[in-house]
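Participant: Below: one structure in structure tokens.
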Amino acid sequence: MSNFWKKIVSEFTSYAWILLVVGIGINWVGGFIAQSLKLPIWLDSVGTMIVAVLAGPWVGALSGALTNIVKAVTFDPVGAPYALTQLAIGLAVGYAYKNKILGKKSSVVQLLGVSFLVAIISTLVSAPITVYLYGGVTGGGIDVLTAMIFGTTDGSMGGLLTAVFGAELLGDLLDKTASILILFGIMKLLPDKYFKTGAASSKKR
Amino acid sequence: MIEIKNLSVKYKNAENYSLKNISFKVNTGEMVAVIGRLNSGKTTLCQCINGLIPNFVEAKLEGSVIVDNVNIKDSKISEISSTVGMILENPLLQISGYAVTVEEEVAFGLENIGIKKDEMKRRVKDALNLVDLDGLKYKNPFEISGGQQQRLAIASIIAMNPKTLVLDDPTSQLDPLGTDEVFNELKKLKKNKTILLVTQKIEKIIGLADKVLVLNNGEMLAYDTPSKILTDYDLLKKAGIKIPLVVKIQHEKRIPKNKITLVVKELKEVITGESH
Amino acid sequence: MLTNFVYKDSVIHKLNPLVKLFWTLLIIIVSFASFDLKYLIFLAITSFLIILLTKLSVRIMKASFFVLFPLLIMLIIFHGIVNPSATQVLFKAWFFSVKLDGLLLGLKYFFRLANFIMIAYVLIFTTHPSDLINSLLKIGLPKQLGYAVLATTQFIPLMINDAKTIMDAQQARGLETKGNVVKRVLGFTPMIMPVILSSIDSAYERTISLEIRSFFNSTKRTSFRDFVWKKSDTYSIIIMFLIVVLGGIFL
């Protein structure tokens, strides 16, 4: 167990911490650009994903989580619990990259597979939050879809969970597939030197 | 005091050495200007003196680097901030992002090394006074000019009281006003600090630096006083360094090397003296 | 700087950020643990009274309303109307009926959210992020985390500005910003790429300048800022605690 912990801690080099901050920024700017382009998807986890690839799954996870924390203390407190979702996304993408399923040379099948996986994981984490904390509402367009599905269930909490899960999964499939494809494009465009995560770590601290 | 002996550096995955067998000594209180063309090894040299190589940057360091009796390459970077300080090129990238006022920014490094509050406040005040930023101490570091930001970087570093300062091309991103501001600070700092300055502003070295180190392709071409090096037209040409106008004029008038002056006032006498 | 902090000379503004954080966490935890509508409304009134004390009540209530109103509508629709297991019909209108038990459930969720938002907005609008983070650092928050949050609030406005510039430049080059969805999605990458490259590039040098200032060492950090804790801060914590507990007992 302590070996696992040591591996996690070793991801957090000085450079990794700064990349973490950059990741938050990219999440934020990504969301901003998506809004400005009036896209139907959020694209606010691309930063989490990039950092998960460049610095490791746990740095990526924390980068994503802190994005929601910063948003929470500056203007959007309700988004705070969804830090868990970003955490899950960071871990999923980071470990997919570590296990070489996701990389510069991934095939279309692999990319779609990872997108699907990330979308499911993301929804699995966020749906219960929406249901048990917020009664099923998110304030977004998805709620309409959720309401429609909910009407066909038995009306219990389980039914609400199914409805929210179904609606959010749809949104997540679109968003995460687009995000993973964008991540792939970015990985191909980034020069090799950025991928040497050990390159800029302070060995003696 | 800086003592470099047989310093050679090779970056990981590089084919050649970036620095080859450099040896020189800078006495306490002296200022050395390091000049040379692009990629001649100047930044590499700076990073050896403050310990980034080999403890942060992946590179092999051979030879010895000793500053004020501290063996730099065996020290942790975070522990030598009171021995060697470094100012980088881009003022914006030296702002920590953590402080919301100029004085907090100066205090940042002191907080990290655990200086007690009273001492901290004193050092911050002194540092800000030295760089004439006391009037701006409540401003946000992002809202001041480039020259002011670079002076802020200087204040933040000297507040940690290193006896030696390394400055890696601190004015290349600044406008002429900012450049003058920084060189004014250097004049003040020279009084009680050992300074190594990498710069392209050859003219500004005159009257400021005690010694000049010329790097070319990782090798030390020359290490001597400004009056010997900056008047050496052939040396400067070989190293790809911009010839100071005052030297160019005399060279074109075929004044012999040992009579060339760097002082503009003496120019007229030297030229008219020689043409008689 | 990224913040909604508005300075006012109010009692709430003068409280230590940790007090307001404590209030926020306390009310959130208690609201989400409770299923009693009366208690939730009681907490909402408490939060509202606090908002009145901030001298920013109009601003905060406006912001809260903006967020809460759509949620209220959706909750009423979900639980009061659509929910198939709700039965006690309150009234019928057109083709749908509003059911009482569903409505009450929806209102419970609503007041949970309302409490969360109102008290969190008190924290957000009356506390400057650097004050909040510095107070947390004082009580033991790891400095890398505090730094990450603070640095983000300062760097993001710069990054957004860069993004706006790039977006304008790309538009001038004819990149699609209107037109069908696919074209717009494809336009995303060229717009975000420069931001990503420049921020990762500067990350390396920033790390160097932080290393030079000993940020990554393990020495115990001292603080330049003064940490002020007044009697009123202690009282505020105790009073809120009492309100929450007594309300819980009697309601």
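The values are calculated or read from the model by the stated rules, or taken from the named source; none is laboratory data. Small disclaimer: the values here were computed from a predicted structure and weren't measured. Positions of Cβ are backbone-derived with ideal geometry, glycine not excepted, and every protein chain shown enters the neighbour counts. Just so you know, the surface numbers come from the protein's heavy atoms only, side chains and all, with ligands and any DNA or RNA stripped out. Shrake-Rupley method; radii C 1.70, N 1.55, O 1.52, S 1.80 Å.
Participant: Scanning chain A for helices, which whole DSSP H stretches are 27 Å or more long along the axis (Cα) and average -0.5 or more by Kyte-Doolittle?
Facilitator: Working: long enough: A:14-36 (33 Å, 1.36); A:108-128 (31 Å, 2.05); A:157-189 (46 Å, 1.34).
Sorted by number, the helices that extend far enough and score high enough are A:14-36, A:108-128, A:157-189.
Participant: Another question, if that's okay. Net charge near residue C:16: determine it from the other residues with C-beta under 15 Å of the C-beta of residue C:16, scoring Lys and Arg +1 and Asp and Glu -1. Working shown, then result.
Facilitator: Numbers: positive: C:14, C:20, C:138, C:225, C:230, C:231; negative: C:131, C:226, C:233.
Summing Lys/Arg as +1 and Asp/Glu as -1 gives +3.
Participant: Ranked highest first by average number of other Cβ atoms within 10 Å, how do C:54-66, B:202-214 line up?
Facilitator: Working: C:54-66: 16.2, B:202-214: 19.5.
By packing density, highest mean first, the sequence is B:202-214, C:54-66.
Participant: What FRET efficiency do you get for residue B:66 and residue B:192 if R0 is 22 Å and r is their Cβ-Cβ distance, rounded to the nearest 0.05? Could you put the intermediate results ahead of the total?
Facilitator: On the way: r = 20 Å, r/R0 = 0.91.
For R0 = 22 Å, the calculated efficiency reads 0.65.
Participant: Here's another thing I want to ask about it. Roll a 1.4 Å probe over the protein heavy atoms and report the accessible area of residue B:143 in Å², nearest 10.
Facilitator: 120 Å²
Participant: Sticking with this one: Based on the Cβ-Cβ distance from residue A:4 to residue A:193, what FRET efficiency comes out when R0 is 25 Å, to the nearest 0.05? List each step's numbers first, then the result.
Facilitator: Values: r = 29 Å, r/R0 = 1.16.
Between residue A:4 and residue A:193 the formula returns 0.30.
Participant: Taking all pairs of distinct Cα atoms, average 1/r, flip it, and tell me the Kirkwood hydrodynamic radius of segment B:58-189 in Å to one decimal place. The partial results should precede the final answer.
Facilitator: Values: mean 1/r = 0.0654 Å⁻¹.
Every distinct Cα pair counted, the radius reaches 15.3 Å.
Participant: Once the convex hull of the C-alpha atoms of segment B:162-276 is built, how many Å³ does it hold per residue, rounded to a whole number?
Facilitator: Working: hull volume 13.9 nm³, N = 115.
Roughly 121 Å³ of hull volume per residue.
Participant: I would also like to ask the following. Chains B and C: how much accessible area gets covered up at their contact, both sides added, probe 1.4 Å, in Å² to the nearest hundred?
Facilitator: Details: alone 13770 and 16190 Å², together 26650 Å².
When B and C are taken together, about 3300 Å² of accessible area is lost.
Participant: What does the structure give for A:67-79 when I average, per residue, the other chain Cβ atoms found within 10 Å of the residue Cβ? Working shown, then result.
Facilitator: On the way: counts 1, 0, 4, 9, 2, 4, 14, 11, 9, 5, 12, 7, 0.
Per residue, the number of nearby Cβ atoms from other chains is 6 on average.
Participant: Once phi is turned into ³J(HN,Hα) by the Karplus curve 6.51 cos²θ - 1.76 cosθ + 1.60 with θ = phi - 60°, what whole-Hz value does each residue of segment C:47-62 show in order, with x for glycine and proline?
Facilitator: In residue order, the calculated couplings are 4, 4, 4, 5, 4, 4, 6, 7, 6, 10, 4, 4, 4, 5, 5, 4 Hz.
Participant: Given H placed 1.01 Å from N in the peptide plane, which residues other than close sequence neighbours of residue C:97 have an amide H under 5 Å from its amide H?
Facilitator: Amide H neighbours of residue C:97, under 5 Å, 5+ apart: none.
Participant: Please work out the Cα center distance from segment B:211-258 to segment A:26-65, rounded to the nearest Å.
Facilitator: Comparing the Cα centres of segment B:211-258 and segment A:26-65, I get a distance of 52 Å.
Participant: Short version: ³J(HN,Hα) in whole Hz for each residue of segment C:87-94, in order, from phi by Karplus 6.51 cos²θ - 1.76 cosθ + 1.60 (θ = phi - 60°), x for Gly and Pro, what are they?
Facilitator: 10, 6, 5, 8, 7, 9, 9, 6
Participant: Further question: Averaged across C:117-125, how many Cβ atoms of other chains sit within 10 Å of each residue's Cβ atom? Present the calculation step by step, with values, prior to reporting the outcome.
Facilitator: Values: counts 3, 1, 1, 7, 2, 0, 3, 6, 1.
For peptide C:117-125, the averaged partner shielding equals 3.
Participant: Distance in nm between label sites at residue C:232 and residue B:142, each 7 Å beyond Cα in the beta-carbon direction?
Facilitator: The modelled label-to-label distance comes out at 3.1 nm.
Participant: Using a 1.4 angstrom probe on heavy atoms only, work out the carbon and sulfur share of the accessible area of chain C in %. Kindly include the intermediate steps, with their values, before the conclusion.
Facilitator: Working: 8230 of 11780 Å².
Here it works out to 70 percent.
Participant: Place the peptides B:169-175, B:46-52 in order of packing, highest mean first, counting for every residue the other Cβ atoms within 10 Å and averaging per peptide.
Facilitator: Working: B:169-175: 19.6, B:46-52: 25.6.
Result, highest mean Cβ count within 10 Å first: B:46-52, B:169-175.
Participant: If you average the C-alpha positions of segment B:110-173 and of segment C:1-57 separately, how far apart do those two centres end up, in angstrom?
Facilitator: Cα centres, segment B:110-173 to segment C:1-57: 39 Å.
Participant: Ignoring ligands, DNA and RNA, what accessible area per residue does segment C:102-150 give at 1.4 Å, in Å²? Walk me through the numbers before you get to the answer.
Facilitator: On the way: 1230 Å² over 49 residues.
Counting only protein heavy atoms, the per-residue value for segment C:102-150 is 25 Å².
Participant: Let me ask you something else. Residue A:132 label point, 7 Å along Cα→Cβ, cut-off 16 Å on backbone N: hits in segment A:74-101?
Facilitator: A:81-85
Participant: Continuing with this model, one more query. Shape call for chain B from the C-alpha gyration tensor, a ≥ b ≥ c root eigenvalues: rounded (a/c under 1.5), prolate (a/b greater than b/c) or oblate? Can you show the working numbers first?
Facilitator: Working: a/c = 2.19, a/b = 1.39, b/c = 1.58.
The shape class here is oblate.
Participant: Let me ask another. Ignoring ligands, DNA and RNA, what accessible area per residue does segment A:1-80 give at 1.4 Å, in Å²? Walk me through the numbers on the way to the answer.
Facilitator: Working: 2610 Å² over 80 residues.
That works out to 33 Å² for each residue.
Participant: Be a star and scan segment B:148-168 for residues whose amide nitrogen sits under 16 Å from the point 7 Å along the Cα-to-Cβ vector of residue B:184.
Facilitator: B:148-155
Participant: Under a plain spin-label model, where a point goes 7 Å from the Cα along Cα-to-Cβ, how far apart in nm are residue C:131 and residue B:92?
Facilitator: 3.0 nm
Participant: What does the convex hull of the alpha-carbon atoms of segment C:130-251 project to on average, in nm²? Please list the in-between numbers first.
Facilitator: On the way: hull surface 56.6 nm².
Averaging across all directions leaves 14.2 nm² for the Cα convex hull.
Participant: For chain B, with all protein chains present and a 1.4 Å probe, just round the carbon and sulfur fraction of the accessible area to a whole percent.
Facilitator: Values: 5640 of 11810 Å².
The C+S portion of the solvent-accessible surface of chain B is 48 percent.
Participant: To continue, here is another question. Give the average, rounded to an integer, of partner chain Cβ atoms located within 10 angstrom of each Cβ in C:217-229. Provide the component values of the computation, followed by the final result.
Facilitator: Details: counts 10, 3, 7, 3, 5, 11, 4, 15, 5, 1, 0, 0, 0.
The shielding value for this peptide is 5.
Participant: Let me ask something additional. With bins 10 Å wide starting at 0, give me the P(r) of chain C over every alpha carbon pair, in whole percents.
Facilitator: Calculated P(r), rounded to whole percents: 6, 20, 23, 22, 20, 8, 1, 0.
Participant: Using the Cα atoms as the points, what is the convex hull volume per residue of the protein assembly as shown in Å³?
Facilitator: On the way: hull volume 140.6 nm³, N = 732.
With only Cα atoms used, the protein assembly as shown gives 192 Å³ per residue.
Participant: Right, next: For the interface of A with C, what's the total buried accessible surface in square angstrom, probe 1.4 angstrom, rounded to the nearest hundred? Intermediate values should be presented prior to the final figure.
Facilitator: Working: alone 11010 and 16190 Å², together 21780 Å².
Interface area, both chains combined: 5400 Å², rounded to the nearest 100.
Participant: Modelled label-to-label distance, residue B:38 and residue B:263, 7 Å Cα→beta-carbon offset: nm?
Facilitator: Between residue B:38 and residue B:263, the label points sit 3.7 nm apart.
Participant: Then there is this: For segment B:1-85, rounded, prolate or oblate, judged on the Cα gyration tensor with a ≥ b ≥ c (square roots of eigenvalues), a/c < 1.5 rounded, else prolate if a/b > b/c? Mind showing how you got there, number by number?
Facilitator: On the way: a/c = 1.75, a/b = 1.22, b/c = 1.44.
It comes out oblate by the Cα gyration axes.
Participant: If you plug each phi of segment B:209-222 into the Karplus form 6.51 cos²θ - 1.76 cosθ + 1.60 with θ = phi - 60°, what whole-Hz ³J(HN,Hα) values come out, in order, with x for Gly and Pro?
Facilitator: For segment B:209-222, the Karplus curve yields 7, 7, 9, 10, 10, 9, 9, 9, 6, x, 10, 8, 7, 7 Hz.
Participant: What order, most packed first, do the peptides B:65-74, C:98-107 have when packing is the mean number of other Cβ atoms within 10 Å of each residue? Please report the intermediate quantities before stating the final value.
Facilitator: Details: B:65-74: 17.1, C:98-107: 20.0.
In descending order of packing, they fall as C:98-107, B:65-74.
Participant: Taking the Cα centroid of segment A:163-179 and of segment A:1-22, what is the distance between the two, rounded to the nearest whole Å?
Facilitator: For segment A:163-179 versus segment A:1-22, the Cα centre distance is 30 Å.
Participant: I would also like to ask the following. For residue B:11 and residue C:29, what is the calculated FRET efficiency with R₀ set at 41 Å and r taken between the beta-carbons, to the nearest 0.05?
Facilitator: Numbers: r = 53 Å, r/R0 = 1.30.
Between residue B:11 and residue C:29 the formula returns 0.15.
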